[in-house]
1. Of these, B:ASP407, B:ASP378, which one is over 18 Å from B:SER340 (Cα atoms) and modelled with pLDDT of 90 or more?
2. B:ILE376: under 27 Å from B:LEU29 (Cα atoms) and more than 19 Å from the chain's Cα centre (by Cα), yes or no?
3. Answer yes or no as to whether A:ILE376 is more than 20 Å from A:ASN232 (Cβ to Cβ) and either touching a residue at least 60 places away in the same chain (Cβ under 8 Å) or out of contact with any helix residue (DSSP H, G or I) (no Cβ under 9 Å at 6 or more places or on another chain) (or both).
4. Return the pairs, sorted by first residue and then second, in which the second residue is surrounded by fewer than 24 Cβ atoms within 10 Å (Cβ to Cβ) and of a type in the set (A, V, I, L, M, F, W, C), the first residue lies in segment B:289-306 and is without any contact (Cβ under 8 Å) to a residue 40 or more places away in the chain and over 18 Å from B:VAL88 (Cβ atoms), the beta carbons are less than 9 Å apart, and the residues are 6+ apart or on different chains.
5. Identify, by number, the condition in (1) touching a residue at least 40 places away in the same chain (Cβ under 8 Å); (2) outside any loop (DSSP other than H, G, I, E, B) that B:ALA162 doesn't meet.
6. Hey, A:ALA98 hits all of (1) more than 13 Å from chain B (Cβ to nearest Cβ); (2) touching a strand residue (DSSP E or B) at 6+ places or on another chain (Cβ under 9 Å); (3) over 30 Å from A:ASP383 (Cβ atoms) but one; which does it fall short on?
7. Specify which of the listed residues (A:ALA193, A:ALA188, A:ALA162, A:ALA169) is buried (at least 19 other Cβ atoms within 10 Å of the Cβ), more than 17 Å from A:LEU105 (Cα to Cα) and in the same structural domain as A:SER102 (by TED's automatic domain parsing).
8. So, in segment B:1-30, how many residues would count as being modelled with pLDDT under 95 and either of a type in the set (Lys, Arg) or exposed (fewer than 10 other Cβ atoms within 10 Å of the Cβ) (or both)?
2 protein chains.
Amino acid sequence: MTTSKTTRQDCVAQDQADPLRGLKDQFALPPGVIYLDGNSLGVLPKATATRVQAVITQEWGTDLIKSWNTAHWMELPARVGDKIARLVGAAPGEVIAADSTSLNLYKVLSAGIRIAQADAPGRTTIVSERSNFPTDLYIAESLCQQHGMTLRLIDSVDELPAALDADLAVLMLTQVNYRTGYQHDMTAVTAAAHAAGALVIWDLAHSAGAVPVDLTGANADFAIGCGYKYLNGGPGAPAFVWAHPRHVNRFWQPLSGWLGHSAPFQFTPDYQPAAGITRYICGTPAILALAALECGVDTVLAAEPLGGMAALRQKSVALTECFIELAEERCAELGVRLASPREAAQRGSQVCLSLAAPLHEAGYAVIQALIARGVIGDFRAGDPARLDEVPHILRFGFTPLYIGFADVWDAVEHLRQVLASSEWKEARFNQKASVT
Amino acid sequence: MTTSKTTRQDCVAQDQADPLRGLKDQFALPPGVIYLDGNSLGVLPKATATRVQAVITQEWGTDLIKSWNTAHWMELPARVGDKIARLVGAAPGEVIAADSTSLNLYKVLSAGIRIAQADAPGRTTIVSERSNFPTDLYIAESLCQQHGMTLRLIDSVDELPAALDADLAVLMLTQVNYRTGYQHDMTAVTAAAHAAGALVIWDLAHSAGAVPVDLTGANADFAIGCGYKYLNGGPGAPAFVWAHPRHVNRFWQPLSGWLGHSAPFQFTPDYQPAAGITRYICGTPAILALAALECGVDTVLAAEPLGGMAALRQKSVALTECFIELAEERCAELGVRLASPREAAQRGSQVCLSLAAPLHEAGYAVIQALIARGVIGDFRAGDPARLDEVPHILRFGFTPLYIGFADVWDAVEHLRQVLASSEWKEARFNQKASVT
């Protein structure tokens, strides 16, 4: 073999040449940790503690109810929404930050179903993927029961073209799969679904802040997303919701709380939805959580002068390519297999690995051993009955805001050492210590 | 007149003799402020800033995703729910803290409608009060549309007995009215509705932490409530939800997110609701907000060794009686009229005043002038077309945890001075300065 191999020194040099390297200074990363789980919970921005403290002690503690006006609390869902809009190809005033991803999906899928029932009453199928994040499927199951629709789950992306049939009302997909990191081509899939006469709802939980998204350019119908992954909004942060302007005013969304009303402070007994995305607000905004989310979104917007999401994506691809190359080069003979798409365009900002027999079952223990070494990824169980098709997965997220190339090199070296030793077998006996 | 009148000295003496006076030390009240708006936004507990800071910097910042287990984040909705349960007469495991009041109402009213449709399919009416807080009516309007039910609004409590008819499926009431402070007799109304064959949902937004509530003793069916008023959970704090054990497992609630699933971490594609109140959880818990809410609930539980809600209620009644007495004695000739029930048993922990002609319209300006003096109440507009029946209201909440009798005396004196001078006329020209 004469191919030149990537050395740790190469990675250090790449970090030194990285125009985005300064963005890491925005975060309070614990020392000695290589955090490859930003796809589950983003790290703490340094600004957050100070900002939330000010909201608590000054805005709430001292100014009390005046802050609804003087601190612009009432505008927070729209203000944070406008910032998120810049990351997902939406216009100002088209996104609000509120509630959870599940709740926002309930709102947009209800609206999508009602629009489909009005415009194409013969269409009674909602299509999604069996591998979609379960909460999306649970919400769809509830709404299908309610509206007499059928939820059809496809088992692989290859089945998607055939599912775009005359029964299809709404196609509901998560752009980047939470397990495998598979990334749909939003523009192509949306166009195909529209050509088939259906609406498309995109869940951007693993996209917003991770990959460039252009909802307007893709002509999508509805979108939702998560605040606590790549947007660094904190545990259980508010989520966001977008509706295309052609749809937003057509129907109520059913969670018709008072702050989605056109004139909430007139306290009228009958509901009159606000124009635009404001009607997707339900109850009183969660101020502390929204303040933290805003700090998180700001860490991503800080990349705008450096090329924004395109630059972050370029680095993210370089990081994941580097990880795949090194993991295969250094750990393949120890049983490591790639479980994410090899093609960068089909991959989000994460890489999943599985372990070949006889290590099929060792994934959880290996992740625990890595965590003990300060390399934090996570584990997603496969299907015990058919581990060849749905293996246990070691999941590693690469947030380009705070992960560098030397981190990638070090993570692979830790993985190699864990697998080459008996360390993971010891970790296995400590399974209860930390279920991540 | 020879009746002895209450003096400020009497009030100071009452404060000195008050066994609950030490509870005020739990709060970071701004100096020089008499805060009579805890029914809108409770004040900041001293513990909150430190606790939220620890959650941010230690649990999130340092321990990251491990905290879902090590910091028991996943248990927060139930742990805070169990604490709230102690304030509303529910058993441990029967309450969870999550989402907003509006969203929780959507969950329980959906369940209530489905139970009614199963058990009494001929009943198609939801009854509430036109004066109920609008978000409750908007949510009911949405669900009535969805389920083919009719929302019937009564204009006064006197109409309630006649509304308990053979059409009634669910009676949906807020126990303490947000505008007038009128308090329903939960036990009597629940019994009457049950005798008429209907279910009852209680909104405890202005009850929890304000008046003794015994959901179990009253044999209520469902309840929800707010975290940011008398529970001092912070702006937009999570709300809570309770379902009677006889109902809780009968149906899904429709907001069937992954954390209401019986085994969320098995990531199965089909929804299987958890047993008990856990199924009323939807998405990922809002950790920062729940941590703040827990600190707020703890301030109310701190009264338990001193007699708990019964002792707080006793003081609350004494405070509101004192306020009414002093306001009528000292301000009646200036146009002040009582707009809350005079009977303490029919009143929550707030007192509303209105202004007689020719000061009908002056309420907003008077509240602004009071705020400028550090006496914070709020204003709720009446019906401009019939101010005699639905007057503008000056609303004053008396949270016995941090309000004392001298505060009451001083508040009335400020009100008297504002009305006796032209101060409120000046405030009126500054209306835009602060819309509370």
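The values are calculated or read from the model by the stated rules, or taken from the named source; none is laboratory data. Just so you know, these numbers come straight off a predicted model, no measurement behind them. Cβ: placed from backbone, ideal geometry, glycine included. Neighbour counts: every protein chain shown.
1. B:ASP407
2. Criteria not met by B:ILE376.
3. no
4. none
5. (1)
6. Result: A:ALA98 passes all but (1).
7. Within the list A:ALA193, A:ALA188, A:ALA162, A:ALA169, the selection yields A:ALA193.
8. The total comes to 5.
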